[in-house]
Amino acid sequence: MSNTHQEAIKQFLSLMGNVDEQLNDTFQNMHHGNPTENLARFLKARDWDVQKAYKMLIDCLQWRIQNEIDNILSKPIIPADLYRAVRDSQLVGLSGYSKEGLPVIAIGVGLSTYDKASVNYYVQSHIQMNEYRDRVILPAATQKYGKHISTCLKVLDMTGLKLSALNQIKLLTTISTIDDLNYPEKTETYYIVNAPYIFSACWKAVKPLLQERTKMKIQVLQGCGRDELLKVMDYSSLPHFCRKEGSGSSRNRSNGTIDNCFSLDHSYHQQLYNYIRHQANLIESGRPIKQGSVHVEFPEPDPEDTKIAKTIESEFQRLADQNGICNSLNGLKVNGD
């Protein structure tokens with residue numbers, strides 16, 4: 001780390017020494033004994049501008065307090081059938097670890113439908129997976145590999161991506177904004193696999209809008225990306241959709257649920273769900289666990305995110321026009337109802 005960056009962290013630490021007790025408490029819950037690493041993440045996200053990074057972190061801490069994020073891992077989505085429906089339509093899971101010890105998060109972008117529950121449940125589940133990653137997965141990886149691990153790899157499967165994905169762009173922008181503002185710099189590299197033409201066309205339009213820092217993190221791989229990914233992880237950690245050409249984020253259970261990290265029956269999701277239920281039982285101490293989603297306040301989208309979403313919308317519209325199906329997309333708006 002350069003002297004300039006060290007000085008920025010020193011200034012940031014000094015500013016954090018003046019925050020009130022409530023903000024400091026949630027900051028401690030967030031950094032898990034690594035305040036410097038957390039400050040560096042927020043500084044990176046704001047190009048090492050101390051004042052901007054400080055404002056970003058204070059906004060994040062206030063968001064955590066207002067929405068009780070410190071307690072979100074004690075609020076299970078119940079009944080279990082509802083949680084299974086969320087898992088079947090929000091395809092995310094932990095497939096393993098890279099050779100460097102970084103968790104490998106698999107995301108089925110193209111086949112996620114987000115249509116089995118209310119938006120609040122999907123946002124709640126996403127935040128719970130973020131918090132479980134930061135509180136349980138990363139500390140366990142740090143202990144196992146004998147070095148500090150604070151980031152992950154993400155493999156995004158574009159199998160099944162269709163123009164109808166435009167219906168979900170508002171929710172996806174919300175989730176992306178929550179990550180950008182409250183969980184910055186947690187992903188080392190994004191690997192895009194099984195990309196159809198529709199993705200390639202959108203990527204061409206969106207890539208120039210991305211910050212250089214973000215662009216450097218994204219790798220679009222050929223086909224299912226197996227050979228490239230095997231350079232950074234073992235076969236056992238490959239997401240199931242990368243194991244053979246044309247495999248995709250198949251939702252069938254022909255290979256069993258053991259290898260499908262999207263499934264609620266996968267060990268990762270079983271451990272996560274059991275952890276949340278256990279935390280709830282500790283707090284409720286015998287009382288029935290309350291049903292209902294956690295209502296998290298959605299932050300205002302970053303202007304850059306909004307611009308990207310609008311670019312994707314217009315690119316989808318152009319492709320729809322080319323395919324002569326423009327009428328089916330009429331009335332869809334990025335930020336409209």
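Please treat every number below as a calculation from the coordinates, not as lab data. Being a predicted model, the structure only gives us computed values, none of them experimental. Note: ideal-geometry Cβ built from the backbone for every residue, glycine included; neighbour counts use all protein chains shown.
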message: How far apart, in nanometres, would the label points at Thr189 and Arg243 be if each is projected 7 angstrom from Cα along the Cα-to-Cβ direction?
response: 2.2
Percentage relative contact order, segment 3-67, counting C-alpha pairs under 8 Å, at least six apart: 40
statement: Answer in debye to the nearest 20: the dipole magnitude of segment 192-232 about its Cα centre, from +1 Lys/Arg and -1 Asp/Glu charges placed on Cβ, is 120
query: Can you list the aspartates and glutamates whose alpha carbon is less than 18 Å from that of Lys310, not counting same-chain residues fewer than 8 positions off?
result: Asp180, Glu300, Asp302, Asp321, Asp337
Residues Lys44 and His278, FRET efficiency given R0 of 35 Å [Cβ-Cβ distance, rounded to 0.05]: 0.55
query: Roughly how big is the chain's charge dipole about its Cα centre, with Cβ charges of +1 (Lys, Arg) and -1 (Asp, Glu), in debye to the nearest 20?
result: 720
- line: Amide H neighbours of Val220 at under 5 Å, excluding residues fewer than 5 places away on the same chain, with H built from the backbone geometry, are Ile192
- prompt: Taking every DSSP beta bridge that has both residues in the chain, what percent is antiparallel when rounded to the nearest 5?
  reply: 30
- request: Could you work out how far apart the two model spin labels at Asp227 and Thr36 are, taking each label as a point 7 Å from the Cα in the direction of the beta carbon, and quote it in nm?
  value: 4.2
message: Given the DSSP H assignment, sum -39500 (n - 2.57) over each helix run of at least 4 residues in the chain and divide by its residue total; what's the result at 222 nm in deg cm²/dmol, nearest 500?
response: -14500 deg cm²/dmol
query: Taking the Cα centre of segment 3-67 as origin and charging only Cβ (+1 Lys, Arg; -1 Asp, Glu), how large is the dipole, in debye to the nearest 20?
result: 200
field: Cβ-derived FRET efficiency at R0 51 Å, Met1 paired with Lys204, nearest 0.05
entry: 0.90
query: Mean separation of Cα pairs under 8 Å and 6+ residues apart, divided by the residue count of the chain: what relative contact order is that in percent?
result: 21
- prompt: Which of the aspartates and glutamates could a cross-linker span from Lys144 if the Cα-Cα distance has to be under 13 Å and same-chain partners fewer than 8 positions apart are dropped?
  reply: Glu100
query: Of Lys116/Lys307; Lys44/Lys147; Lys75/Lys231; Lys44/Lys162, which pairs sit farther than 30 Å apart, going by alpha carbon to alpha carbon?
result: Lys75/Lys231; Lys44/Lys162
query: By a straight-distance test (C-alpha under 14 Å), which aspartates and glutamates pair with Lys244 as possible cross-link partners, with residues fewer than eight away in the same chain excluded?
result: Asp157, Asp227, Glu228, Asp259
